[in-house]
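Here the structure comes first, spelled out in structure tokens, and everything after it is commentary.
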Amino acid sequence: MSKVRVRFAPSPTGPLHLGGVRTALYDYLFAKNHGGDFVLRIEDTDTARFVEGAEEYIMEALEWCGIIPDESPKHGGKFAPYRQSERRDIYDRHLVELLKTDYAYIAFDTPEELDEIRNEFEKNGEVFAYNYITRNRLKNSLTLSKEEVEQLKKDNVPYVVRFKMPIDRVLNLEDIIRGNSAVNTNTLDDKVLIKNDGMPTYHFANVVDDHEMEISHVIRGEEWLPSLGLHYLLYEAMGWEKPEFAHLSLILKPEGKGKLSKRDGDKFGFPVFPLDFKDQETGAISKGYRESGYFPEAFLNMVALLGWSPANDRELLTLKEMIQEFDLYKVHKAGARFSKDKAEWFNQEYLKLKSPEEVLIILKELGGDKFQNYSDEKLLKIISLMKERATFVQDIYTQGLFFFRSPTDYEEKAVKKAWNESAAEIISELCAHLDKVEKFEAEDLKNSIHHFAESKSLGMGKVMMPLRLALVGELKGPDVPDILEILGKEVSLARLQNAVNNIS
Ligand code: GLU
């Protein structure tokens, strides 16, 4: 087999969504698993749908994920340029060849004329297609004489180049993921290959570039499956060997039906984009995984398993392990249901794997000067305690806010449950008792509280609940002795006193 070369070929028409990231990742994993190249090609021939900043976004998103192209507009490479808008001369050259074959023809029908015919068809309850039947009565080089065509061209009448779909041929399409299928060419229309501004459409530019860039495998979204027949025939027309194809199934909504959309993200409160994206026109910001606090490794791991199961149903894999294990033949045919809980689970697992020191760096980056009055030693203790129950690094701060400031008010429900006159008395006495503890450390504190409860013949709940309420302001958080140790004697006792004075 010649060298494996796989390309990711997004159009800069908006931010890369989850599905796009997954395609890029599978492209990358397959290439790297085979010791091949991963190419990023920007397919920007559709100027009407071009979105400012989208290309930069795509590059930044891939970089954040760690999917680094071997060749791209930024990295360069043997087959540069990697932006289709800069490859016009290449398409022009191949167009000349294509027009020499019987596979393409010139059509002069204006958009208005085509609209009119479309309407006529609709009136009769039919759907118009520019195809092997209708092309014989439309304005093109198949129906006009050579002289007429030349004259129209001379008069600068705009024209497009269309693919002349062969009649009644059955194409056997092969797909690595979906297996084989057959399509009759009579069901396919004569797609435009070159627009009236001379720009190639997706189909032509894509096939030319995959050939020119020596792409061995095309792995892309299933929305391109209906184009596969045309692409097969384009390779045939040009006399080129075609690459192998694999079409990835959709990523589905959390409820399992329908394609995951941007709106689902807004509805269920999860990002569908890798990074925040600001729409230049509306100013609206679409939330990204990066800005929501996901680790890139966790995000990538989650994306990888949307449609592929590694051996033994392993779930946590580094990028290196994914490369080793990836098998296109094991990619699922069925759609993959997105789950917010699962996405969060991945982040949680990666957070657990991080050392407190690693988390400290991120926490400080997030918190700015919030933590300047706290020693690293104390912050590391808080991190160790909170890390296991947090999903995101920022949770360590938000769920551990009581470490940084004394409760100013106490949760109503918790007060009802844990506080009354006798609780105030108990806490007051406990305050005096804890004041005598010399080594204010969790183990000693735990024993001391036990002794206190025993000496008063109180159940532990009667002591622990109001104590927690006094320290935290609610009945949540890690073990109370750990909280006491981190807060220190002075702060802890002040909080107890405060509770006695203020909770009524
Ligand atoms: N430009 C196409 C897209 O935006 C590429 C499809 C393909 O990979 O062939 O999805």
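The values are calculated or read from the model by the stated rules, or taken from the named source; none is laboratory data. Bear in mind the structure is a predicted one, so any value in this text is a computation, not a measurement. Virtual Cβ from ideal backbone geometry, glycine too; neighbours counted across all protein chains shown. Ligands, DNA and RNA are excluded from the accessible area calculation, which covers all protein heavy atoms including side chains. Shrake-Rupley method; radii C 1.70, N 1.55, O 1.52, S 1.80 Å.
Tabulated data for the structure shown
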quantity: Counted residues, segment 320-369 - those being out of contact with any Gly (no Cβ under 9 Å at 6 or more places or on another chain) and not in a helix (DSSP H, G or I); calculated: 6
quantity: Number of positions in segment 37-73 that are over 25 Å from N301 (Cβ atoms) and either part of a loop (DSSP other than H, G, I, E, B) or open to solvent by less than 70 Å² (accessible area, probe 1.4 Å) (or both); calculated: 14
quantity: Hey, A205 hydrophobic (A, V, I, L, M, F, W, C) and touching a residue at least 40 places away in the same chain (Cβ under 8 Å) or not; calculated: yes
quantity: Segment 74-97 - residue that is among the hydrophobic types (A, V, I, L, M, F, W, C) and not in a helix (DSSP H, G or I) and, of those, surrounded by the fewest Cβ atoms within 10 Å (Cβ to Cβ); calculated: A80
quantity: Tally of residues being surrounded by fewer than 18 Cβ atoms within 10 Å (Cβ to Cβ) and assigned to a loop (DSSP other than H, G, I, E, B) across segment 475-504; calculated: 4
quantity: Failed condition for D102, given (1) within 14 Å of the ligand (Cβ to nearest atom); (2) open to solvent by 20 Å² or more (accessible area, probe 1.4 Å); calculated: (1)
quantity: Selection count, segment 304-319, where residues are open to solvent by 30 Å² or more (accessible area, probe 1.4 Å) and touching a Gly at 6+ places or on another chain (Cβ under 9 Å); calculated: 1
quantity: Only listed residue being within 25 Å of A304 (Cα to Cα) and open to solvent by less than 20 Å² (accessible area, probe 1.4 Å), chosen from D276, D266, D210, D190; calculated: D210
quantity: Pairs where the first residue, in segment 326-340, is farther than 16 Å from F245 by Cβ and the second is outside any loop (DSSP other than H, G, I, E, B) and open to solvent by less than 40 Å² (accessible area, probe 1.4 Å), C-beta under 6 Å, 6+ apart; calculated: F326/L29; G335/L252; A336/I251; R337/L252; F338/I251
quantity: Residue check for E223: away from the ligand (no atom under 16 Å from the Cβ), of a type in the set (D, E) and either farther than 22 Å from S11 by Cα or free of Cβ contacts under 8 Å to residues at least 12 places away in the same chain (or both); calculated: no
quantity: Total residues in segment 154-168, condition out of contact with any strand residue (DSSP E or B) (no Cβ under 7 Å at 6 or more places or on another chain) and in contact (Cβ under 8 Å) with a residue 12 or more places away in the chain; calculated: 5
quantity: All positions within segment 445-474 that are in a loop (DSSP other than H, G, I, E, B) and not hydroxyl-bearing (S, T, Y); calculated: K456, L458, G459, G473, E474
quantity: Selection count where residues are hydroxyl-bearing (S, T, Y) and either open to solvent by less than 60 Å² (accessible area, probe 1.4 Å) or more than 25 Å from L496 (Cα to Cα) (or both), scope segment 385-413; calculated: 4
quantity: Matching residues, segment 6-36, being at pLDDT 95 or above, open to solvent by 10 Å² or more (accessible area, probe 1.4 Å), farther than 23 Å from M302 by Cα and within 14 Å of the ligand (Cβ to nearest atom); calculated: S11
quantity: Neighbours by Cβ (under 9 Å, 6+ apart or cross-chain): first from segment 254-270, in contact (Cβ under 8 Å) with a residue 60 or more places away in the chain; second surrounded by 11 or more Cβ atoms within 10 Å (Cβ to Cβ) and of a type in the set (S, T, Y); calculated: P254/S339; K262/S286; F270/Y289; F270/S292
quantity: Test result for S457, of a type in the set (S, T, Y) and loosely packed, with under 15 Cβ neighbours inside 10 Å; calculated: yes
